[in-house]
Amino acid sequence: MNRRLPFALVLTFSIFSLVGLASAQSNEFLDGLLAKQSITVGQTAYLVLVASDNLAEDADEARAFELLTNMGWTPAGATVNQPIELASYAYILMRAFNLKGGIMYTLFPSPRYAFRELASMQIIQSVYDPSSPLDGSMAIQILSMVFDTLGVN
């Protein structure tokens with residue numbers, strides 16, 4: 001019980017601190033994302049690319065996925081409706097927000113080292129499995145932590 005309370009508080013704070021993100025993206029999309037047990041690569045592309053000002057809010061998931069693919073940030077062999085793994089999400093965040101990494105990420109930019117970088121920055125807890133599917137609330141919480149790290153309001 002005591003371990004769940006801090007997580008619940010962080011999650012609640014993260015959701016309410018995303019007012020700037022919520023104004024940039026439709027509330028319907030964010031509400032739908034929060035209800036997902038596993039989000040897709042297309043939903044991830046839309047969430048991150050709109051939040052990082054790489055895509056207009058009026059685009060759809062298919063357009064976001066296409067742009068993500070053109071940028072070379074799509075997981076190998078991924079489709080728009082495929083669930084995304086935590087490590088791939090970390091990689092997309094590192095690229096979209098131009099986060100600097102350590103020597104291993106700099107030499108070998110990949111989902112594996114992106115996950116390690118975000119864990120070392122305490123954006124992602126290292127107890128999570130990098131290959132686990134990502135749910136909507138965790139995606140938004142991690143995005144909020146990236147904003148906090150960058151000093152974005």
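The values are calculated or read from the model by the stated rules, or taken from the named source; none is laboratory data. Just so it is clear, the structure is predicted and the values come from calculations on it, not from any experiment. Note that we place each Cβ from the backbone using ideal geometry, even for glycine, and neighbour counts take in every protein chain shown.
Within the stretch 88-114, restricting attention to residues that are of a type in the set (Ser, Thr, Tyr) and not in a loop (DSSP other than H, G, I, E, B), the residue that is nearest to LEU33 (Cα to Cα) is TYR89. Filtering the stretch 60-74 to residues that are surrounded by fewer than 16 Cβ atoms within 10 Å (Cβ to Cβ), more than 14 Å from LEU93 (Cβ to Cβ) and not polar (S, T, N, Q) leaves ASP60, ALA62, GLY72. The single residue among THR79, THR74, THR69 that is of a type outside the set (A, V, I, L, M, F, W, C) and closer than 18 Å to LYS36 by Cβ turns out to be THR79.
Go through the stretch 82-106 and give me each residue that's under 11 Å from LEU143 (Cα atoms) and of a type in the set (Ser, Thr, Tyr). If the condition is that a residue be under 11 Å from LEU143 (Cα atoms) and of a type in the set (Ser, Thr, Tyr), then TYR89 is the only one that fits.
When the residues of the stretch 33-42 are narrowed to those that are free of Cβ contacts under 8 Å to residues at least 60 places away in the same chain and of a type outside the set (Ser, Thr, Tyr), which ends up farthest from ILE92 (Cα to Cα)?
Filtering the stretch 33-42 for residues that are free of Cβ contacts under 8 Å to residues at least 60 places away in the same chain and of a type outside the set (Ser, Thr, Tyr), the one farthest from ILE92 (Cα to Cα) comes out as GLY42.
Taking the stretch 76-104 as the range and being in contact with a strand residue (DSSP E or B) (Cβ under 7 Å, 6 or more places away or on another chain) and not polar (S, T, N, Q) as the test, the residues that pass are VAL80, PRO83, ILE84, GLU85.
Of the residues examined, THR44 is one that is among the polar types (S, T, N, Q), surrounded by 16 or more Cβ atoms within 10 Å (Cβ to Cβ) and not in a loop (DSSP other than H, G, I, E, B).
Taking the options GLU61, GLU66, name whichever one is modelled with pLDDT under 95 and farther than 20 Å from LEU150 by Cα.
GLU61
If you go through the stretch 143-152 and keep only what is surrounded by fewer than 20 Cβ atoms within 10 Å (Cβ to Cβ) and closer than 18 Å to PRO75 by Cβ, you end up with nothing.
Do the conditions hold for GLU117, that is, is it of a type in the set (Asp, Glu) and closer than 13 Å to ILE39 by Cα? It is false that GLU117 is of a type in the set (Asp, Glu) and closer than 13 Å to ILE39 by Cα. When SER88, SER110 are checked against the criterion of being buried (at least 23 other Cβ atoms within 10 Å of the Cβ) and not charged (D, E, K, R), SER88 stands alone in meeting it.
Pairs linking a residue in the stretch 46-75 that is among the basic types (Lys, Arg) to a residue that is in a helix (DSSP H, G or I), with Cβ atoms under 9 Å and 6 or more positions apart or on different chains, are ARG63/ALA45; ARG63/TYR46. Listed residues SER126, SER131; which is more than 21 Å from GLY42 (Cα to Cα), outside any helix (DSSP H, G or I) and touching a helix residue (DSSP H, G or I) at 6+ places or on another chain (Cβ under 7 Å)? Only one candidate passes the filter, namely SER126.
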